[in-house]
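Attaching a single structure in structure tokens format; questions to follow.
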Amino acid sequence: MPQGDGVLNPNIWRSQQQTFDWQGHRISYQDQGDGPVLLLLHGLPGSNWVWHLLWPMLCGQFRLIAPDFLGCGDSDKPVPYDYRLADQAAMLDALLRHLGVETYQIIGHDYGAAVAWQLTCRQAPAHTEAEEPATEPVIGNTLPEQPDDAQQPTDSTPSDTAENKQTDGPQALSMSWLSPRISGDHSGFIWRERWLSGPSGQVIFRRLVSEGLYGRYLERLTGPFSPLTRQRLRDSWELLCAHQGLNALPLLLNYRYEMPQRREWPRMTIPLPLQIVYGQYDPVCRRLPVIPQVNYQSLPCGHYPQEEAPEALVATLLAFHSSEQKYRNGVFSNLKAADQPG
């Protein structure tokens, strides 16, 4: 398990990954700590190492499970392959069953939020008789007004059918989405990403992408007060390239075609308590969809709050998840205000 300097050293982190076989593919993951389970889902492009700064802050209070998605990090990266959100969700469900997890909380960043949405749509609502928390959306200046033609929330989602619902197995209790890219339209995707997911973009990307170009892409996504170090950029590039990852990334970006359009989100009913955390300087979260009964929180950072503002993010996450304890059978009763950073 990553401890001490290993948390900050990606090579040590990677050497201590555990593996799980899913449908003939090797899935890498980290699993450490005791207590309520937090399932940490990284974004694109990325790997589970994106959580390394949060690791020492949370592993004393939680059991942290952080997989590399299929096609990412040290997990297998089959090409060609149809990287569907439903398959990533099925992989997570199998992993949680393999690890003996019964209930868990989700923290999903970017693409990880989209997979989290798909995962929770598969399950029947947990603790349906519990009172729902009275949380009004806190909407920042960068978020849109709710459309005038917004209808009442509906339970209709692409995976929300009776045959897809599961009534046993691991159950998610609540979610935090960080800088989520969950709209099926172009909002939240810069032009390079839209071009990359096209047929011509896939071919040219593999030929022309470089560490320098990738570094400039990441720098554009961060806030003005949180520049990425040269070492951080190099580490991220190495993880992206591992196991021929440059071939898989364009295929992974097609996931946006599986998501609801931005205008559809106000009509969605999320089956769990949900918090959305976004960076004030994030160029891809300027037009987040407004979802009913969701708590919105902003931080002074760009697209990577877990790396740009880890202490502030942990405080925000603990405040939200601990507030769910009275609604979720005291799962988080062991959290105390004194345990929160700062």
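The values are calculated or read from the model by the stated rules, or taken from the named source; none is laboratory data. Fair warning: this is a prediction, and the values are worked out from it, not measured in the lab. When we count neighbours, we look across all protein chains shown, and the Cβ atoms used for this are built from the backbone with ideal geometry, even at glycine.
Against the condition closer than 23 Å to Q306 by Cβ and small (G, A, S), how does G100 come out, does it pass?
Spelling it out, it is not the case that G100 is closer than 23 Å to Q306 by Cβ and small (G, A, S).
Step by step: first the residues of segment 13-57, then only those that are of a type in the set (A, V, I, L, M) and under 27 Å from R256 (Cβ atoms), then the one that is surrounded by the most Cβ atoms within 10 Å (Cβ to Cβ). Which residue is that?
L41
Let me ask something else about it. From (1) more than 15 Å from L40 (Cα to Cα); (2) out of contact with any helix residue (DSSP H, G or I) (no Cβ under 7 Å at 6 or more places or on another chain), pick out the condition that doesn't hold for D74.
It fails just one condition, (2).
With the checklist (1) touching a residue at least 60 places away in the same chain (Cβ under 8 Å); (2) touching a Gly at 6+ places or on another chain (Cβ under 7 Å); (3) not in a loop (DSSP other than H, G, I, E, B); (4) not hydrophobic (A, V, I, L, M, F, W, C) in hand, flag the one item G223 doesn't pass.
(3)
So, in segment 92-111, of the ones that are surrounded by fewer than 24 Cβ atoms within 10 Å (Cβ to Cβ) and in a loop (DSSP other than H, G, I, E, B), which residue ends up farthest from the chain's Cα centre (by Cα)?
My answer is G100.
Still on this structure, please answer the following. Just checking, how many residues over segment 252-280 are part of a loop (DSSP other than H, G, I, E, B) and out of contact with any Pro (no Cβ under 7 Å at 6 or more places or on another chain)?
5
Could you please find all residues in segment 40-67 being in contact (Cβ under 8 Å) with a residue 40 or more places away in the chain, under 21 Å from Y217 (Cα atoms) and in contact with an Asp or Glu (Cβ under 8 Å, 6 or more places away or on another chain)?
The answer is H42, G43, L44, G46, S47, W49, V50.
Taking into account only those residues within segment 6-32 that are of a type in the set (V, I, T) and touching a helix residue (DSSP H, G or I) at 6+ places or on another chain (Cβ under 9 Å), which is modelled with the highest pLDDT?
Selected residue: I27.
Further question: Criterion first (within 24 Å of the chain's Cα centre (by Cα), modelled with pLDDT of 80 or more, in a helix (DSSP H, G or I) and buried (at least 16 other Cβ atoms within 10 Å of the Cβ)) does L173 satisfy it?
Criteria not met by L173.
Which count do you get for residues in segment 40-87 that are among the hydroxyl-bearing types (S, T, Y) and in contact with a strand residue (DSSP E or B) (Cβ under 6 Å, 6 or more places away or on another chain)?
Result for segment 40-87: 1.
Let me ask you something else. Does D82 meet the test of being modelled with pLDDT of 95 or more, surrounded by fewer than 24 Cβ atoms within 10 Å (Cβ to Cβ) and either assigned to a loop (DSSP other than H, G, I, E, B) or at positive phi (or both)?
No; evaluated as a whole, the condition is false for this residue.
Evaluate the following for L44: is it under 18 Å from the mean Cα position of the chain (by Cα) and either aromatic (F, W, Y) or modelled with pLDDT of 95 or more (or both)?
Against the criterion (under 18 Å from the mean Cα position of the chain (by Cα) and either aromatic (F, W, Y) or modelled with pLDDT of 95 or more (or both)), L44 does not qualify.
Just to be sure I understand, how many residues within segment 58-79 are surrounded by fewer than 19 Cβ atoms within 10 Å (Cβ to Cβ), out of contact with any Gly (no Cβ under 6 Å at 6 or more places or on another chain) and closer than 18 Å to F20 by Cα?
1
Kindly indicate whether Q306 is assigned to a helix (DSSP H, G or I), closer than 27 Å to V37 by Cβ and modelled with pLDDT of 90 or more.
Against the criterion (assigned to a helix (DSSP H, G or I), closer than 27 Å to V37 by Cβ and modelled with pLDDT of 90 or more), Q306 qualifies.
Would you check if there is a residue in segment 238-254 being without any contact (Cβ under 8 Å) to a residue 12 or more places away in the chain and either over 15 Å from the mean Cα position of the chain (by Cα) or surrounded by fewer than 22 Cβ atoms within 10 Å (Cβ to Cβ) (or both)?
Yes: one or more hits.
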